[in-house]
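**Student:** Provided herewith is a single structure, encoded as structure tokens, for subsequent inquiry.
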Amino acid sequence: MQDLLYFIQQLINGLTIGSTYALIAIGYTMVYGIIGMINFAHGEIYMIGAYTALIAITGLAALGIAWLPLILIVALVCAMIVSSSMGWAVERVAYRPVRGKHRLIPLISAIGMSIFLQNYVHLAQGSRNIGFPALIEGGFRFGAEDSFQTSITYMQITIFATTLVCMTILSLFISRSRIGRACRAVSQDLGMANLLGIDTNRIISATFVIGAALAAVAGLLLGMYYGSIDPLFGFIAGLKAFTAAVLGGIGSIPGAMLGGLILGVAESMTSGYLSGEYKDVVSFGLLILILLFKPTGLLGKPEVEKI
Amino acid sequence: MRTPVKKLVSAVATSIAVMGAGQVAADIKIGIAGPMTGPVAQYGDMQFSGARMAIEQINANGGVMGEKLVGVEQDDVCDPKQAVTVANNMVNEGVRFVVGHLCSSSTQPASDIYEDEGILMVTPASTSPDITERGYELVFRTIGLDSMQGPVAANYLISQKPERVAVIHDKQQYGEGIATAVRDTLKEGGVEVAMFEGITAGAKDFSSLVTKLRQADVDYVYYGGYHPELGLILRQARQADLDATFMGPEGVGNKDINTIAGDAAEGLLVTLPPSFDEKDENQELVQAFEEKGEDPSGPFVLTSYTAVQLIADGIEAAESTDPFDVAEALRAGTFQTPIGTVEYDSKGDMESFEFVVYEWHSDGSKTPVN
């Protein structure tokens, strides 16, 4: 019974972290699906989302506003707006001018953008870890009083629920809306979509904006969950999310969700049953295995090499 | 110290000294290498503030052998790779004396370069024993060793008669080194070490680790590493209702841990060098810091001040600016410094250095235990 509760606890930990990986992975996968490039600056967009949310929360606190739902909504909206404009601007400045050139050029441009944004935040916000207030506290616990109890915090529930809602909205948007249909068309054949009168530049911008908005959601959630942010924390999260995207099949939205969850659970099980030291070994080991045996990922469809 | 008359007198003294030595003298460059940016920049602030103050005061009192000290400051971000670049820059700048580095993992590779290039290094903060284990002639420190600090922590834990203790570290030279020392002393003392495990520095998610600690049902958790990770562990442990007391080395004893951990930092145990700023004989110096609006209470402020002072004293004792002569003078002499009487053994370690167990509070203050 103890062991089962322990297992469930690690599963909850893994699913929580995995669902935020999934939120960030969407940004990688959508951009790849449409223009076949990897947006390495995406992790930084996520980091900027977290900083914006923190600034908004601090600002509201300074104004004396203490009603939690309002704080969360304002922080979320601010983070989404700033990150989305950032995502849009990055595409406009760093990727559009080099689109269609040799495939390495956008990649290098993306890495440059990532370094620029990191250092920009270093300068603007300082390089120290900044504490992020825990706005949602408390939780449920299961199991006998005097032995190991499985706990699930309200924060973890918030993370699951938000991820679920975001993913549902995104899936509906992609499958039902006009822009969503255009997105699918562009991802199938950019040139043809262009000929048929779709404003492909607008669609590409839209994917950057959507990906960035979801990353901002993840930024706010993870900031609150972990409790501190620093200018470098987007990098490793971006790397993990990228792994998740490749694991699930880059270009596929359900793949990103699945990849994120698998990666999160794999990490927490490694920490829980082996040792925290091997956490990253396992996640990147998984990436190598997938690339070796199923390069298209779990849910990816084989297609012509684009990158 | 800062009255206008004294200032004038010292300015005149300095200018006379400079004029006197004018023809022969170039200034003596003192390299100061530590993290100005990055996750542990707080400790760098302490180091730079202490070293700058020492340079300022020594120059105000006429410099060293009639020559002025000039600080050459470089940022190593507490990154071993950057530390090597910084060390090479110091060589290019013609620096012959360095105060630094701060993180043991930076000090180690940088000291290889300094030793090869004939540069004397005094680290005010690196506690890893390995640094002075290599028979280097030009490596000194103004701080104790993990092999002294670890047992202090472990003996305190043993005295609390815990049932089970977990020892966690960040896999870096400093953290793992001290965690190993703690684990070994605990085992010798008959305490069960239920867990000995590394985490990744820079990681944010410790939920799995905290779950594991809860499962292991430990009374105490010792963490070898720096405050950004421990702050998060404390906070996530509090959220998961882990009922254990945490303890860490001087690398976690920093007010920034409070901004990360909040209330969860209350009751954290920390081994630190004794509060040199509370000693009577240092009050004049403490006031000088306060007049500049700086805080001398950080663990590395006065050790850095002392590092500069020792270099100056060593140069005067040796009557030479050759680092090898200075090293010899430092080994031979006994020096009165703000951190007490300093005597060096043949390796460049201080003959004695005390560590004290403090209890940390959620407002960033600390009180000595026992």
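Every number here is computed from the coordinates shown, using simple stated rules; none is lab data. Predicted, not measured: the structure shown is a model, and the values here were computed from it. Every residue, glycine among them, receives a Cβ derived from its backbone with ideal geometry; neighbour counts consider all protein chains shown.
**Student:** Run the helix sum for chain B: -39,500 (n - 2.57) per DSSP H stretch of 4+ residues, divided by residue count, reported at 222 nm to the nearest 500 deg cm²/dmol.
**Tutor:** Result for chain B: -14000 deg cm²/dmol, rounded to the nearest 500.
**Student:** Would you work out the relative contact order for chain A, in percent, from Cα pairs under 8 angstrom that are 6 or more residues apart?
**Tutor:** Reported relative contact order: 36 percent.
**Student:** Restricting to Cα atoms and excluding each atom paired with itself, what does the Kirkwood estimate give for the range A:126-211 in Å?
**Tutor:** Across the range A:126-211, the inverse of the average 1/r is 16.9 Å.
**Student:** With no other cysteine's Cβ closer than 4.7 Å, which Cys residues of the protein assembly as shown count as lacking a disulfide-compatible partner?
**Tutor:** A:C78, A:C166, A:C183
**Student:** If you count the DSSP beta bridges with both ends in the protein assembly as shown, what percent of them are antiparallel, to the nearest 5?
**Tutor:** Antiparallel bridges: around 35 percent, rounded to the nearest 5.
**Student:** Report the Cα centroid-to-centroid distance between the range B:108-185 and the range B:247-284 in angstrom, as an integer.
**Tutor:** 18
**Student:** Please give the charge dipole size of the range A:137-189, origin at the Cα centre, charges +1 on K and R Cβ atoms and -1 on D and E Cβ atoms. Round to the nearest 20 debye.
**Tutor:** 580
**Student:** If you don't mind, another one. Please determine, in degrees from 0 to 90 and to the nearest 10, the orientation of helix B:146-159 with respect to the longest principal axis defined by the Cα atoms of chain B, where the helix direction is its Cα long axis.
**Tutor:** Around 40 degrees separate the two axes.
**Student:** From the gyration tensor of the Cα coordinates in the protein assembly as shown, what semi-axes in whole Å does the equivalent ellipsoid have, largest first, with each one equal to sqrt(5λ)?
**Tutor:** Whole-Å semi-axes of the equivalent ellipsoid: 49, 31, 22.
**Student:** Also: Over all directions, the average projected area of the alpha-carbon convex hull for the range A:180-240 comes to how many nm²?
**Tutor:** 5.3
**Student:** Next question. Could you give the DSSP H helices of chain A that reach 27 angstrom or more along their long axis (alpha carbon positions) and whose average Kyte-Doolittle hydropathy is no lower than -0.5?
**Tutor:** Sorted by number, the helices that extend far enough and score high enough are A:2-35, A:42-62, A:68-90, A:104-125, A:154-176, A:200-226.
**Student:** Show me B:118-127, B:59-68, A:161-170, B:168-177 ranked by packing, highest mean number of other Cβ atoms within 10 Å first.
**Tutor:** B:118-127, B:168-177, B:59-68, A:161-170
**Student:** What does the highest-first list of A:94-107, A:203-216, B:335-348, B:237-250 look like by mean Cβ count within 10 Å?
**Tutor:** A:203-216, B:237-250, B:335-348, A:94-107
**Student:** Now, a different point. Would you please calculate the Kirkwood hydrodynamic radius of the range A:1-46 over all C-alpha pairs and express it in Å, rounded to one decimal?
**Tutor:** Across the range A:1-46, the inverse of the average 1/r is 12.4 Å.
**Student:** Something else: Calculate log10 I(q)/I(0) of chain A for q = 0.10, 0.12, 0.16 Å⁻¹, where I(q) comes from the Debye formula with a single equal point scatterer on each Cα and nothing for solvent.
**Tutor:** -0.56, -0.80, -1.36
**Student:** Follow-up question, since we're still on this one. Which whole number gives the average, over all residues in B:39-47, of C-beta atoms from other chains lying within 10 Å of the residue C-beta?
**Tutor:** 2
**Student:** Could you tell me the relative contact order of the range A:66-177? Use alpha-carbon pairs under 8 Å, at least six residues apart, and round to a whole percent.
**Tutor:** 13
**Student:** Same structure, new question: For helix B:4-21, what angle does its Cα long axis make with the longest principal axis of chain B, in degrees from 0 to 90 and rounded to 10?
**Tutor:** The helix B:4-21 is inclined about 60 degrees to chain B.
**Student:** Let me ask another. Per DSSP helix of 4 or more residues, -39500 (n - 2.57); summed, then divided by the residues of chain A. What does that give at 222 nm, rounded to the nearest 500?
**Tutor:** -24000 deg cm²/dmol
**Student:** Sticking with this structure for a sec: Run the dipole for the protein assembly as shown about the Cα centre, Lys and Arg Cβ at +1, Asp and Glu Cβ at -1, nothing else charged, and hand back the magnitude in debye, nearest 20.
**Tutor:** Around 4040 debye, computed over the protein assembly as shown.
**Student:** Right, another one. Taking 8 Å as the Cα distance limit and 6 or more residues as the minimum spacing, I'd like the relative contact order of chain B as a percentage.
**Tutor:** Reported as a whole number, the value is 17 percent.
**Student:** Can you flag which of B:K212/B:K255; A:K279/B:K204; A:K240/B:K204 are past 20 Å Cα-Cα?
**Tutor:** Among B:K212/B:K255; A:K279/B:K204; A:K240/B:K204, the Cα-Cα distance tops 20 Å for B:K212/B:K255.
**Student:** Sticking with this one: Can you give the Rg and Dmax of chain B based on its C-alpha atoms, in angstrom?
**Tutor:** 21.1, 72
**Student:** Across the residues of A:125-132, average count of Cβ atoms on other protein chains within 10 Å?
**Tutor:** Taking all residues of A:125-132 together, the mean is 6.
**Student:** Let me ask something additional. Cα convex hull of the range B:140-280: how many Å³ per residue?
**Tutor:** So the per-residue hull volume is 116 Å³.
**Student:** Next question. Roughly how crowded by other chains is peptide A:234-243, in terms of the mean Cβ count from those chains within 10 Å of each of its Cβ atoms?
**Tutor:** Partner Cβ neighbours, averaged per residue: 1.
**Student:** Out of every Cα-Cα pair in the range B:30-99, what percent are more than 15 Å apart?
**Tutor:** Summing the P(r) of the range B:30-99 above 15 Å gives 54 percent of all pairs.
**Student:** Which one of B:Q172, A:L123, B:M148 is farthest out on the positive end of the charge dipole of the protein assembly as shown, using unit charges on Cβ (Lys, Arg +1; Asp, Glu -1) and the Cα centre as origin?
**Tutor:** A:L123
**Student:** Continuing with the same structure: Can you bin the range B:221-260 into rounded, prolate or oblate? Criterion: square roots of the alpha carbon gyration tensor eigenvalues sorted a ≥ b ≥ c, rounded for a/c under 1.5, prolate for a/b above b/c, oblate for the rest.
**Tutor:** Oblate is the answer for the range B:221-260, as a/c is 1.5 or above yet b/c matches or exceeds a/b.
**Student:** Then there is this: Need one number: % antiparallel among DSSP beta bridges in the range B:15-143, to the nearest 5.
**Tutor:** Antiparallel bridges make up about 5 percent of those DSSP assigns within the range B:15-143.
**Student:** Also, I was wondering about something else. Roughly how many whole Å is it from the C-alpha centroid of the range A:170-219 to that of the range B:27-62?
**Tutor:** Here the answer is 54 Å between Cα centres.
**Student:** Would you mind classifying the range A:173-307 by shape? Square roots of the alpha carbon gyration tensor eigenvalues, ordered a ≥ b ≥ c; an a/c under 1.5 is rounded, otherwise it is prolate if a/b is larger than b/c and oblate if not.
**Tutor:** Note, shape of the range A:173-307 comes out oblate.
**Student:** With unit charges on the beta carbons (Lys and Arg positive, Asp and Glu negative) and the dipole taken about the Cα centre of chain B, which residue among B:S49, B:G314, B:A181 sits farthest to the positive side?
**Tutor:** Projecting each Cα onto the dipole axis, the largest value belongs to B:S49.
**Student:** Could I ask something else about it? With the radius of gyration and the Kirkwood radius both derived from the Cα set of the range B:227-321, what is their ratio Rg to Rh?
**Tutor:** With Rh from the inverse mean 1/r over Cα pairs, Rg/Rh is 1.15.
**Student:** Given the peptides A:239-251, B:84-96, B:141-153, arrange them by the average over their residues of other C-beta atoms within 10 Å, most packed first.
**Tutor:** Ranking the peptides A:239-251, B:84-96, B:141-153 by packing returns A:239-251, B:141-153, B:84-96.
**Student:** Ok, one more. Taking the Cα centre of the range B:137-225 as origin and charging only Cβ (+1 Lys, Arg; -1 Asp, Glu), how large is the dipole, in debye to the nearest 20?
**Tutor:** With Lys and Arg at +1 and Asp and Glu at -1, about 160 debye.
**Student:** Roughly what angle does helix B:173-188 make with the longest principal axis of chain B, taking Cα atoms, 0 to 90 degrees, to the nearest 10?
**Tutor:** 50
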